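Below is one structure, written out as structure tokens; comments come after it.
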Amino acid sequence: MGPGDAGDAAINDIDVIRVAGEARLAGTVHVVGAKNSALKLMAAALLAPGRNVITNVPRITDIAIMGEVLRRLGCGVRFEADDPPDPMIARDGSPRSRQVIIDVPEEPGAEADYDLVRRLRASICVLGPLLARRGYVRVAHPGGDAIGSRGLDMHIAGLARMGAVISGEHGFVIAEAPDGLHGAEIVLDFPSVGATENLVMAAVLARGATVIDNAAREPEIVDICAMLSGMGARISGAGTSTLRIIGVPELRPVRHATVGDRIVAGTWAFAAAMTRGDVTVTGVPPAFLEVALDKLVSAGGLVETRGDAFRVRMDDRPKAVDVVTLPFPGFATDLLPMAIGLAAVSDGASLITENIFDGRFMFANEMMRLGADIKTDGHHALVCGHERLSGAPVRATDIRAGAGLIIAGLCADGVTEVSHVHHVDRGYPDFVADLRALGIEVERGTAPEEPDLAI
Ligand code: EPU
């Protein structure tokens, strides 16, 4: 195709979401399965040859990429209508969740290339299961991303304790255990979610007992342990800091429902508070968001909880609250952009401290384009609230920053256009449909990408 053809325009266009400000969120939204669980559950399927079925899987880009990772490893991967179906419908008429059927061969492949891993950092979670199944694995090193540098040292040290020999060359991590892995006592330096998952997936087929101390306690860890137990794994302590795993010779395929997405649920909770709205969220146990919901109560909100649902109502301007991100059950780092958004419209000054990622404040400049008063220093941000922000064009730099900017736009005067919203699509099945369900005027379109200037 030559310059000026329609194909060129499509390649250079970027997706944007436009929202009108001075809005108020009201209504009910159902949240489907968690991205950060479903991705790992798909990788865990590699542990059992045969047909695994995972339901309540969100229809988002990252899941499609993980499907491709598994296909290249020799699995059959098919997405079908979810069972039970998603009670809400997305913009294009399709449900926001699906079930994925993964047919795992007796001998899966052992390599994951950079072209997929660079698009989905979570592809690194095939390391543990493939090493356990094949005794050899070669996965591209994912590198850092827009929220900071992201190491693999704890994944590697843990697998080495289990007998793997790890090396790196040409941008790949290579792990070998020709005689199989053995159980080990592992103490993590930090309760890393990804390292805990990789090590559990390796340990379930290792010889003997493994103890992982200072393990991550996130609901997604509990979910993967539940799926592995359904496959015949012997795991105790899920949801605590000490996981005990007794290896078994083989696992059987399973059908498993993904746990609800607490970060999506938390996004709507903050959006309700920021817009002085009234939102009921279903599909996620409120206990997954205890600290976040407590913050909204301190800010003056009313929170009611019942079963797998909660309601957040804010009648007056929120009061400033300080927030510190920590591993679960602490305040989730993935809700940091929403906490900054809330602080930006609250009465008073809030100190927001980020303890998990070194680059999470990089999006603050975009928030400042909306008139937010933010001063960052290392891992702290001091945010002085204004009654209203000011609508402007801004750019999404990652999934959560993108969602945070769209919501901040609802508290601005005028229109806010958030570009590069393909980042948001990586984590939210249909942000626009959910906003519309909550009464928001919103449109999605494309805008031309700035041309590269030749020199
Ligand atoms: N870390 C190391 N070495 C390691 C592992 C981690 O230094 O071997 C560091 C990381 O660099 C980071 C911190 O430890 O600074 C926490 O990393 P962790 O391993 O806990 O995070 P992750 O597994 O890479 C998952 C989610 C993130 C979420 C974090 C924290 C997935 C696919 N990603 O990442 O989600 O923020 O846990 O809860 O599960 C998102 O969904 O937008 C997202 C970024």
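Summary table below
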| read-out | value |
| --- | --- |
| Enumeration of residues in the stretch 214-240 that are assigned to a loop (DSSP other than H, G, I, E, B), in contact (Cβ under 8 Å) with a residue 24 or more places away in the chain and within 21 Å of PRO286 (Cα to Cα) | ALA216, ARG217, GLU218, THR240 |
| VAL291 crowded, with 23+ Cβ neighbours inside 10 Å and touching a residue at least 40 places away in the same chain (Cβ under 8 Å) | no |
| Counted residues, the stretch 39-54 - those being surrounded by fewer than 21 Cβ atoms within 10 Å (Cβ to Cβ) and part of a strand (DSSP E or B) | 3 |
| Members of the stretch 241-262 found to be of a type in the set (A, V, I, L, M, F, W, C) and either buried (at least 17 other Cβ atoms within 10 Å of the Cβ) or part of a strand (DSSP E or B) (or both), listed by number | LEU243, ILE245, ILE246, LEU251, VAL254, ALA257, VAL259 |
| Residue list for the stretch 82-113, restricted to those being in contact with a Pro (Cβ under 7 Å, 6 or more places away or on another chain) and in a strand (DSSP E or B) | ILE89, PRO95, SER97, VAL104 |
| Looking only at the stretch 292-338, and only at residues there that are more than 16 Å from the ligand (Cβ to nearest atom) and polar (S, T, N, Q), the one that is nearest to THR282 (Cα to Cα) | THR305 |
| Restricting the stretch 189-208 to residues that are of a type in the set (Gly, Ala, Ser) and in a loop (DSSP other than H, G, I, E, B), the residue that is nearest to the ligand (Cβ to nearest atom) | SER192 |
| Count of residues meeting criterion [touching a residue at least 24 places away in the same chain (Cβ under 8 Å) and surrounded by fewer than 17 Cβ atoms within 10 Å (Cβ to Cβ)] in the stretch 164-175 | 2 |
| Condition broken by VAL69, with the remaining ones in (1) touching a residue at least 40 places away in the same chain (Cβ under 8 Å); (2) buried (at least 23 other Cβ atoms within 10 Å of the Cβ); (3) within 14 Å of the chain's Cα centre (by Cα); (4) over 16 Å from ASP223 (Cα atoms) satisfied | (3) |
| Single match in ALA34, ALA23 (criterion: buried (at least 21 other Cβ atoms within 10 Å of the Cβ), more than 16 Å from the ligand (Cβ to nearest atom) and modelled with pLDDT of 95 or more) | ALA23 |
| Pairs where the first residue, in the stretch 182-193, is closer than 11 Å to THR242 by Cα and the second is surrounded by 14 or more Cβ atoms within 10 Å (Cβ to Cβ) and among the basic types (Lys, Arg), C-beta under 7 Å, 6+ apart | ILE186/ARG161; PRO191/ARG217 |
| Filter result for VAL211 (in a strand (DSSP E or B), more than 16 Å from the ligand (Cβ to nearest atom), of a type in the set (A, V, I, L, M) and assigned by TED's automatic domain parsing to the domain that holds ALA320) | no |
| Lone qualifier among VAL126, VAL100 - being more than 23 Å from VAL31 (Cβ to Cβ) and not acidic (Asp, Glu) | VAL126 |
| Selection count, the stretch 130-167, where residues are assigned to a helix (DSSP H, G or I) and away from the ligand (no atom under 15 Å from the Cβ) | 5 |
| The stretch 214-228, subset over 20 Å from HIS256 (Cα atoms) and more than 10 Å from the ligand (Cβ to nearest atom), residue surrounded by the fewest Cβ atoms within 10 Å (Cβ to Cβ) | ASN214 |
| Unique match (being assigned by TED's automatic domain parsing to the domain that holds PRO253 and at positive phi) among ASN56, ASN52 | ASN56 |
| Residue list for the stretch 296-329, restricted to those being part of a loop (DSSP other than H, G, I, E, B) and farther than 25 Å from GLU366 by Cβ | GLY300, GLY301, GLY307, ASP308, ASP315, ASP316, PRO327, PHE328, PRO329 |
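Conditions (1) over 19 Å from ARG276 (Cα atoms); (2) surrounded by fewer than 17 Cβ atoms within 10 Å (Cβ to Cβ); (3) touching a Ser or Thr at 6+ places or on another chain (Cβ under 9 Å), marked per residue:
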| residue | (1), (2), (3) |
| --- | --- |
| GLY341 | no, no, no |
| ALA344 | no, no, yes |
| ILE352 | yes, no, yes |
| MET367 | yes, no, no |
| ALA381 | yes, no, yes |
| VAL394 | yes, no, yes |
| ASP398 | yes, no, no |
| ALA401 | yes, no, no |
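The values are calculated or read from the model by the stated rules, or taken from the named source; none is laboratory data. Given the structure is predicted, the values throughout are model-derived calculations rather than measurements. Methodologically, a virtual Cβ is constructed for each residue, glycine included, from the backbone with ideal geometry; neighbour enumeration extends over all protein chains shown.
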